[in-house]
Amino acid sequence: MSDFFTKELLYRLGSVIVFVPLVILPLIYNNYFSVIVFLFITSIICLEINQMKNKKRSYLIFNLYLAFTVLSFFLFLFLLITEIVSLLFILATIATIWLFDTFSYIGGKIIGGAKLMPKISSGKTVSGLITGVFVTVLLIQLLFYYLEIEYKFSIYYTLIIISLSFVGDTVVSMLKRYASIKDSGKIMPGHGGLLDRFDSFIFVFLIFGISNL
C-alpha cells in the first residue's frame, strides 16, 4: 500500500488536473474551438511519434501508426463538427476510457500480483486489469442510473470501449519497446508525452469514428 503514495502518483494527479479541463471544457464550450484544441494536441502527438523513430529500426511501423493516429483524430473531429453523435455520447466514451485507465493503475498499485505482459509493459498487472474493468462497468452503469439519463451505455458497449482502450495502450507500449524508450515525451510529468496519455483514445476514436460514419 505504501508503494501507492509515491511521487509518480502526485505527478499523475497534477497532470490530470491540467489534462481533464483541457479535453472536456472545449467540448462543452464550442465544437469549432474543440477542433483547434484537438488539432494542436494531434500535432504534438505526431511530433512525438516522429521523435520516437529509431535509426536502428524500420520507420514503416512508426509511419503506419502515425497514419492511424491522424485518421483517428480526423474521424473524431468530423463526428464532433457534424454532430452525428451526441456530446453526451462522446463525453461518456471519454469518461469510460479515463475510468478504466485510472482504476487499472490504482488496482495494480494497491493489489499488485502477477504481471500481465512483462515483456511489453512492466507496469500492467492482472489485478489492475480486473479492477479496471469491474469498477469502470459498475461506475458507468451507476452514473447513468442515478443521473436518470434517458440514453444509457450498455455493459456490452462499455466493454467494447474498454477492450479498444486496452488495445490502444498495449500497441503504444509495444511501439515504445520497439523504439527502446520509456516515454513518448516529457510534456506531462508522471505520464510522459501526450501520446502516453492519449494512447488509449486512439483506437477507440478510430473504431468509434468508422462505426458512426
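The values are calculated or read from the model by the stated rules, or taken from the named source; none is laboratory data. On a predicted model such as this, the values are computed, not experimentally measured, just so you know. Note: ideal-geometry Cβ built from the backbone for every residue, glycine included; neighbour counts use all protein chains shown. To get the accessible areas, we keep the full protein, side chains included, count just its heavy atoms, and leave off ligands, DNA and RNA. Shrake-Rupley method; radii C 1.70, N 1.55, O 1.52, S 1.80 Å.
Quick notes on this structure:
- Checklist (1) under 25 Å from G185 (Cα atoms); (2) in contact with a helix residue (DSSP H, G or I) (Cβ under 7 Å, 6 or more places away or on another chain) applied to I90, failing item: (1)
- Condition met for F103 (of a type outside the set (S, T, N, Q) and surrounded by 19 or more Cβ atoms within 10 Å (Cβ to Cβ)): yes
- Residues satisfying the stated conditions in the range 27-51, i.e. open to solvent by less than 10 Å² (accessible area, probe 1.4 Å) and either more than 17 Å from the chain's Cα centre (by Cα) or of a type in the set (V, I, T) (or both): S34, I41, I45, I49
- Of the criteria (1) at positive phi; (2) open to solvent by less than 30 Å² (accessible area, probe 1.4 Å), which one T96 fails: (1)
- Residues that are assigned to a helix (DSSP H, G or I), open to solvent by 50 Å² or more (accessible area, probe 1.4 Å) and more than 22 Å from L164 (Cα to Cα) do occur in the range 72-91.
- Among (1) farther than 25 Å from A67 by Cβ; (2) open to solvent by less than 60 Å² (accessible area, probe 1.4 Å); (3) within 17 Å of the chain's Cα centre (by Cα) - the single one S121 does not satisfy: (1)
- Pair list, Cβ under 9 Å, 6 or more apart: the range 170-184 residue closer than 15 Å to S58 by Cβ and open to solvent by less than 30 Å² (accessible area, probe 1.4 Å), other residue hydrophobic (A, V, I, L, M, F, W, C) and in a helix (DSSP H, G or I): L175/I49; L175/I61; L175/F62; L175/L195; A179/F62
- Cβ pairs under 8 Å, 6+ apart, first in the range 65-76 and closer than 13 Å to F198 by Cβ and of a type in the set (G, A, S), second open to solvent by 10 Å² or more (accessible area, probe 1.4 Å) and assigned to a helix (DSSP H, G or I): S72/F203; S72/L206
- Of the residues making up the range 123-162, those that are of a type in the set (S, T, Y) and under 20 Å from L91 (Cβ atoms) are T136, Y145, Y146, Y151, S154, Y156, Y157, T158.
- Residue within the range 140-153 that is at pLDDT 90 or above and not acidic (D, E) present: yes
- Any hit, the range 190-203, residues being within 21 Å of G107 (Cβ to Cβ), assigned to a loop (DSSP other than H, G, I, E, B) and touching a helix residue (DSSP H, G or I) at 6+ places or on another chain (Cβ under 6 Å): yes
- Of all residue pairs spaced 6 or more apart or on separate chains, those with beta-carbon atoms under 7 Å, a first member in the range 14-38 that is more than 18 Å from F205 (Cα to Cα) and a second member that is in a helix (DSSP H, G or I) and modelled with pLDDT of 90 or more are F33/P26.
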